[in-house]
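What follows is a set of notes on a single structure, which appears directly below.
We did not get these values from a lab; they are worked out from the coordinates using the rules stated. Predicted model, so just to flag it, every value in this text is computed and none were measured. Please note: Cβ atoms are built from the backbone with ideal geometry, for glycine as well, and neighbour counts cover all protein chains shown.
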Amino acid sequence: MKRSGTINAPIKRKSESIIERQVSPDGEQAITHYEVLKEKKDYSLVKFILETGRTHQIRVHSAYIGHHIIGDTLYGSKSEIINRQALHAFNVKFIHPITNKQMDIKATIPEDMAAVPF
């Protein structure tokens, strides 16, 4: 995986699934920026910034470039490291639709993710 980059690949629902999505030329525009913060032999800590907000966007884009989210059984595989997808929204910023004020919400890393050895 490159240390940083942008994945610009359209996403749509898989025709045979009501849940799963896929990269497809006839999908909706989806843009994900990423930066590798730390690396181990078999996994990396990655910061994602979404320019668009498609369903499962980070998971689909990560799988698309061959770097699945640890523990993501829909787009990757089960993991010995963590018992669920290792995906956490640490910081979310948006403009509130009613007050028009910028919201900046931060959340601490859950214990099971903090325990992943880096």
Which residues' amide hydrogens lie under 5 Å from the amide hydrogen of ILE31, considering only partners 5 or more residues apart or on another chain, with H built in the peptide plane?
-> GLU51, THR52
So how much slack lies between LYS101 and GLU20, counting 0.36 nm per residue of separation and subtracting their Cα-Cα distance, in nm?
-> 25.8 nm
Quick one: order ILE49, ILE82 by neighbouring beta-carbon count within 10 Å, fewest to most.
-> ILE49, ILE82
So, in nm, how far is label ARG84 from label GLU35 when the simple model puts each one 7 Å beyond its Cα toward the Cβ?
-> 2.7
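Mind checking the stretch 4-100 for trypsin sites (Lys or Arg not before Pro) that DSSP puts in a loop (not H, G, I, E or B) and that have at most 12 other Cβ atoms within 10 Å? Mind showing how you got there, number by number?
Details: sites: LYS12, ARG13, LYS14, ARG21, LYS38, LYS40, LYS41, LYS47, ARG54, ARG59, LYS78, ARG84, LYS93; in loops: LYS14, LYS40, LYS41, ARG54, LYS78, ARG84.
Answer in residue order: LYS14, LYS40, LYS41, LYS78.
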Anchor LYS14: lysines whose Cα lies under 22 Å away (excluding residues fewer than 8 positions away in-chain) = LYS78
Given (1) 2, 11, 22, 25, 21, 13, 5, 1; (2) 2, 12, 18, 16, 11, 9, 8, 7, 7, 5, 3, 1, 1, 0; (3) 2, 10, 18, 21, 21, 15, 9, 3, 1, 0, the label whose value is P(r) over Cα pairs in 5 Å bins from 0, in percent derived from this model | (3)
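Let me check against my output: what whole-number percent is the relative contact order of the chain, with C-alpha pairs under 8 Å and at least 6 apart? All intermediate terms of the calculation are to be shown ahead of the outcome.
Working: 195 pairs, mean separation 18.8, N = 118.
With pairs under 8 Å counted, the relative contact order is 16 percent.
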